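**Student:** Structure below; questions to follow.
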Amino acid sequence: MVCSPIRILIVDDSRIFRGILESVISKLPDAVIVGSVFNGEKALEFLRRTPVDLVTLDIEMPGVSGLETLKAIRELNRSQPNAVQTEAVLISSLTKQGAKSTVEGLQLGAIDFILKPNGGSEAENLASLHSALLSTLQLFRMKYASRSSSVTGRVEPPKHTVSGVDSRTTKPLASGYKAIAIGISTGGPETLAKMLPDLVGKTKAPIFIVQHNLNGLSGYMADSLTRRLGQSVSEAQENMAVVPGGVYMAQSGSHMILRQPGGNITIGLSDAPPENHSRPAVDVFLRSASAVYGPTLVSAIMTGMLDDGAKGVRVVKRAGGFVIAQDQATSVIWGMPRAAIETGCVDLVLPLDKLASALLELTKRMRDT
């Protein structure tokens with residue numbers, strides 16, 4: 001159970017920036033600063049003796065780096081499963097190394113990241129930091145609220161089986177789906193890092209990923225996954241050709257769409273207004289992908305807050321496609337999957353460790369041809 005207010009430990013090697021964070025956090029509702037330290041060693045000493053809900057963690061520190069500190073926090077959480085589980089929000093600069101480290105930190109399980117403001121007036125920078133921290137606290141509370149919530153309405157359609165996987169589908173399963181669309185948000189970098197190695201390179205179906213909240217880091221995320229998977233993951237670009245087995249990540253700040261000029265499928269970028277507070281938005285991509293792939297599209301709605309993708313899965317089902325949702329137990333935040341399930345359009349509800357095998361089975365015919 002998370003205490004209220006949220007107990008926060010500040011970790012930053014800059015005394016000036018620690019002071020700025022202290023000033024901003026002191027004005028946040030339902031938050032209290034329980035400590036402020038200047039490096040990773042001091043942070044770990046503090047955490048071993050004092051319960052902390054959230055650490056603001058400078059990603060670039062001398063000595064024990066922010067990433068090394070994050071790994072140690074995760075180990076500390078695992079070693080004390082009945083104690084308070086400490087979450088981390090990364091505080092990062094706009095440098096190239098800062099961006100790469102931030103992506104790695106998100107893949108290690110940091111709940112969020114905040115870029116150090118460095119433009120405009122002092123008042124504007126403080127307002128930006130205040131807004132970002134408010135969003136992080138909201139996300140933190142939603143993560144823990146979603147673990148105890150229960151879905152209402154239709155959840156368990158008639159059961160069938162996909163290669164031994166306990167599935168929930170309203171129709172007999174076909175194989176040979178030709179494309180995979182993944183919609184994901186909070187917890188996505190960590191979740192994708194776990195799932196994609198079991199999927200990428202094992203199907204000829206192209207894989208399209210719409211990941212929220214990367215805020216300019218989509219290219220770094222694609223590069224990180226490329227290194228992890230040993231296969232190219234491409235950040236979406238205008239007029240990029242879709243090839244069998246390709247993996248494509250929506251670009252930060254642009255909707256990803258599909259086109260089929262002359263029968264060849266290509267990716268497009270759209271600067272249309274955000275939907276569901278997001279650009280890229282899952283709903284936008286699913287509308288576009290359904291128009292191109294129709295009944296051969298399989299969509300997976302995974303961990304994330306709010307309800308992006310819920311309208312899109314209705315379109316997928318009307319076109320004859322197949323819809324999977326991640327289950328509550330393995331979602332960091334069970335918002336997007338829950339909203340999709342409540343539409344009645346989800347065919348299959350699975351834990352994270354069963355998702356890749358189900359997607360491979362659904363695209364088996366294409367894989368074998």
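The values are calculated or read from the model by the stated rules, or taken from the named source; none is laboratory data. As the structure is a prediction and not an experimental result, all values here were calculated from the model. Here the Cβ positions follow ideal geometry from the backbone for every residue, glycine too, while neighbour counts run over all protein chains shown.
**Student:** Collect the residues in segment 199-233 that are under 16 Å from the mean Cα position of the chain (by Cα), among the small types (Gly, Ala, Ser) and at pLDDT 95 or above, keeping them in residue-number order.
**Tutor:** Ser218, Gly219, Ala222, Ser224
**Student:** Is it fair to say Ala179 is at pLDDT 95 or above and of a type in the set (Gly, Ala, Ser)?
**Tutor:** Yes.
**Student:** Can you tell me which residues in segment 238-258 are at negative phi and surrounded by fewer than 16 Cβ atoms within 10 Å (Cβ to Cβ)?
**Tutor:** Across segment 238-258, the qualifying residues are Glu238, Ala241, Val243, Pro244.
**Student:** Within the group Pro351, Pro337, which residue is touching a Ser or Thr at 6+ places or on another chain (Cβ under 9 Å), surrounded by fewer than 18 Cβ atoms within 10 Å (Cβ to Cβ) and at pLDDT 95 or above?
**Tutor:** Pro351
**Student:** Then there is this: In segment 14-32, which residues are surrounded by 13 or more Cβ atoms within 10 Å (Cβ to Cβ), without any contact (Cβ under 8 Å) to a residue 24 or more places away in the chain and over 29 Å from the mean Cα position of the chain (by Cα)?
**Tutor:** Gly19
**Student:** Test each condition in (1) in contact (Cβ under 8 Å) with a residue 60 or more places away in the chain; (2) in a helix (DSSP H, G or I) for Ser299 and report the one that comes out false.
**Tutor:** Condition (2) is where Ser299 drops out.
**Student:** Something else about it: What about Val323, is it touching a residue at least 60 places away in the same chain (Cβ under 8 Å), surrounded by 24 or more Cβ atoms within 10 Å (Cβ to Cβ), among the β-branched types (Val, Ile, Thr) and under 15 Å from Ile182 (Cβ atoms)?
**Tutor:** no
**Student:** Considering each residue of segment 237-248, count those that are among the aliphatic types (A, V, I, L, M) and within 17 Å of the chain's Cα centre (by Cα), and give that number.
**Tutor:** So the count comes out to 1.
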